[in-house]
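Worksheet for the structure shown next.
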Amino acid sequence: MSRLAVIGGTGLSKLVNLENISKRVIKTPYGEPSSPVTLGQLNGVDIVFMARHGYGHTIPPHRINYRANMWALKEVGITDVVAVAAVGSINRSMPPASLVLPDQLIDYTWGRASTYFEDDLENVTHIDFTIPYTTKLRDKIKRSMYQADISILDRAVYGCMQGPRLETAAEIRKLERDGCDLVGMTGMPEAALARELGLNYACCALVVNWAAGLEGDEISMQDIEGFAKKGIAKVEQLLQVLVYEMDVKTSE
């Protein structure tokens, strides 16, 4: 039986329509997660929510305990994870306030604890990461976007940078040459850890700005906040449909 978790990034620290809420603190072998897990119901369907940056949005991208977060979700019985992430757009077809489902990623981060497979191993363990996002889960999200009348942008490469600073214009030009359409700071190692734990995982990227150098010499934090609010409304609309889609498919 599928059980869905939503990880909220910048702009999504809670689900406003969640009912019958309770919170649970999970202890993990990897330390403390970003936040307690929030259990509740959306449209009558049980789901779990976690605030990636903490409920006060106090944890920067490079300091997030990704291993503890994913372990905690696995511990409460999660099978499917929709990871909402604020990103900048490098691709002109993906403007601010868009929702994008990336199908590939490139990891530019460094120094993050990025695997469970490093200590006390009987054998060296590798995961297949050719397709970093779970195809079946992405298909469910796409169907839900169609039903919610949200434009479907489902072919994009997510470039994950270290943060917490935003990028230089030159770095964005490099990412564009590398084939990146989106730039964010939290996509890795989250996706790889989900794969190591056997969780279905997909990223729902919320575009909150044009990447550095595409529109003027500076990026406005005020504009980012405005586009995030517009995009979050779409995310909440999508999730209302997605939980029903997953609940129906599970019970068939």
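If the chain linking Met221 and Ser93 were pulled fully straight, counting 0.36 nm for each residue of separation and taking away their Cα-Cα distance, it would gain 43.9 nm. Note on Tyr146, Tyr30: ascending count of other Cβ atoms within 10 Å places them as Tyr146, Tyr30, the fewest first.
Packing order of peptides 94-101, 180-187, 165-172, highest average first: 180-187, 94-101, 165-172 (average count of other Cβ atoms within 10 Å over each peptide's residues). Applying both filters, DSSP loop and at most 13 other Cβ atoms within 10 Å, to the chymotrypsin sites (Phe, Trp or Tyr not before Pro) of segment 176-252 eliminates every site.
Amide H to amide H distances under 5 Å link Ser34 with Asn65, Asn69, where only residues 5 or more positions off or on other chains count and H is placed in the peptide plane. Annotation: amide H of Asp154 within the under-5 Å range of Leu101, sequence separation 5 or more or interchain, hydrogens built in the peptide plane. Taking Lys and Arg as +1 and Asp and Glu as -1, the other residues whose beta-carbon sits under 11 Å from that of Ala97 total +2.
When only alpha carbons are used to place a centre, segment 98-128 and segment 18-45 end up 24 Å from one another. Annotation: amide H-H contacts under 5 Å for Tyr201 (H modelled 1.01 Å from N, sequence separation of 5 or more, or interchain): Val81, Thr134. Taking label positions 7 Å along the Cα-Cβ direction at both Ala233 and Tyr55, the computed distance is 2.7 nm, reported to one decimal. Select from Ile64, Ile127, Ile150 the residue whose mean-square fluctuation is largest in a Gaussian network model of the chain (Cα-Cα springs shorter than 10 Å). Of Ile64, Ile127, Ile150, the Gaussian network model singles out Ile127 as fluctuating most. Other residues lying with their Cβ under 15 Å from the Cβ of Leu197 contribute a combined charge of -2, Lys and Arg counting +1, Asp and Glu -1. Among beta bridges from DSSP that stay inside the chain, the antiparallel ones total about 35%. Here the Gaussian network model covers the chain, with springs between Cα atoms less than 10 Å apart; of Ile232, Ile47, Ile219, Ile219 fluctuates the most. Taking other C-beta atoms within 10 angstrom as a stand-in for reagent exposure, Ile90, Ile78 fall in the order Ile78, Ile90, fewest first. Multiplying the residue separation of Arg165 and Val76 by 0.36 nm and subtracting their alpha-carbon distance yields 28.7 nm.
Phi angles across segment 224-234 convert, under the Karplus curve 6.51 cos²θ - 1.76 cosθ + 1.60 with θ = phi - 60°, into 3J(HN,Hα) values of 4, 4, x, 5, 4, 4, 5, x, 4, 4, 5 Hz, Gly and Pro given as x. For segment 72-138, the set of chymotrypsin sites (Phe, Trp or Tyr not before Pro) satisfying both a DSSP loop assignment and a count of at most 15 other C-beta atoms within 10 Å is given as Trp110, Phe117, Phe129. Applying 1/(1 + (r/R0)^6) with r as the Cβ-Cβ distance of Lys174 and Ser22 and R0 = 45 angstrom yields a FRET efficiency of 0.50.
We did not get these values from a lab; they are worked out from the coordinates using the rules stated. Owing to the predicted nature of the structure, the values given are computational and were not obtained by experimental measurement. Cβ coordinates were reconstructed from backbone atoms using ideal geometry, including for glycine residues, and neighbour counts include every protein chain displayed.
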